[in-house]
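Accompanying notes for the structure given below.
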Amino acid sequence: MTGAAALTSSWLGARTAQEQIIAQHLQAAQQRIFEYVRDRREPRSQAYTDLIAQTQAVGTRISEMNRSEAYTDDGVHRILEEISTLLRSRARVMVEGPEVVADSTDDLIEAVMECQDALMALASIPGAPPEMRDKSHTELIELCRASLESYGEALGGFVEAAREALNDQGIGI
């Protein structure tokens with residue numbers, strides 16, 4: 001009987017040790033996933049924040065110009081520089097991903113580019129699309145204002161997609 005008890009005790013000890021090893025492996029795997037998600041979240045968060053800040057800077061400049069209705073060459077060139085920075089911020093978001101967040105920038109960029117074209121035509125800057133140069137001053141201002149409205153809506157869509165991506169617990173890495 002002592003032999004059977006020793007064998008049972010030995011078997012239970014081995015089984016407990018095996019379960020502990022499995023638990024340790026699972027815990028280590030969970031820790032690796034947590035660290036991976038954290039390492040992905042930080043640069044994504046910064047890229048998203050930069051895009052939002054730059055979007056707001058461009059929107060503010062365009063709004064100020066639209067309010068004053070002073071479409072000077074110098075003012076439009078400053079906005080074009082801001083838009084260039086916005087496009088670089090978008091490129092970083094596209095690299096950081098995920099794809100759903102990168103795709104959410106399409107409407108945002110489309111709206112700002114339409115407004116950019118209108119502003120270039122308003123300031124008679126070379127490179128404005130011919131179809132914009134054919135529009136009246138009033139039509140261009142209205143087009144830019146409408147683009148700015150859709151720009152704000154697109155920013156909201158981006159923010160929502162970014163928030164979901166940052167709250168993802170590693171499922172959609």
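The values are calculated or read from the model by the stated rules, or taken from the named source; none is laboratory data. Just so it is clear, the model here is predicted, and its values are computed rather than measured. Heads up, the Cβs are rebuilt from the backbone with ideal geometry, glycines too, and the neighbour counts pull from every protein chain shown. We work out accessible area using only protein heavy atoms, side chains counted, and drop any ligands, DNA or RNA first. Shrake-Rupley method; radii C 1.70, N 1.55, O 1.52, S 1.80 Å.
Taken per residue, the accessible surface of the range 52-140 reaches 52 Å², heavy atoms only and a 1.4 Å probe. Helix 73-96 versus the longest principal axis of the chain: what is the Cα-based angle in degrees, 0 to 90, to the nearest 10? Once rounded, the angle reads 20 degrees. Heavy-atom accessible area with a 1.4 Å probe sorts 164, 153, largest first, into 153, 164. Sorted largest first by accessible area at a 1.4 angstrom probe radius, with every protein chain in place, the residues 94, 132 fall in the order 94, 132. Label-to-label distance for residue 145 and residue 45 is 4.0 nm, based on points extended 7 Å past Cα in the beta-carbon direction. With R₀ set to 30 Å, the beta-carbon distance separating residue 136 from residue 91 gives a calculated FRET efficiency near 0.30.
Given springs between every Cα pair under 10 Å in a Gaussian network model of the chain, which of 22, 62, 125 has the largest fluctuation? For the chain, modelled as a Gaussian network with Cα springs under 10 Å, the answer is 22. Rounded to the nearest 500, the 222 nm mean residue ellipticity of the chain from helices alone is -30500 deg cm²/dmol, with -39,500 (n - 2.57) taken per DSSP H run of at least 4 residues.
Pairs of C-alpha atoms in the range 48-106 farther apart than 14 Å represent 57 percent of all such pairs. For the chain, modelled as a Gaussian network with Cα springs under 10 Å, which listed residue fluctuates most, 90, 78, 44? Answer for the Gaussian network model of the chain: 78. Each Cα pair of the chain feeds into the Kirkwood radius, which the Stokes-Einstein equation turns, at 25 °C and 0.890 mPa s, into a diffusion coefficient of 126 µm²/s.
Taken about its Cα centre, the chain carries a charge dipole of roughly 1040 debye when the Cβ of each Lys and Arg holds +1 and the Cβ of each Asp and Glu holds -1.
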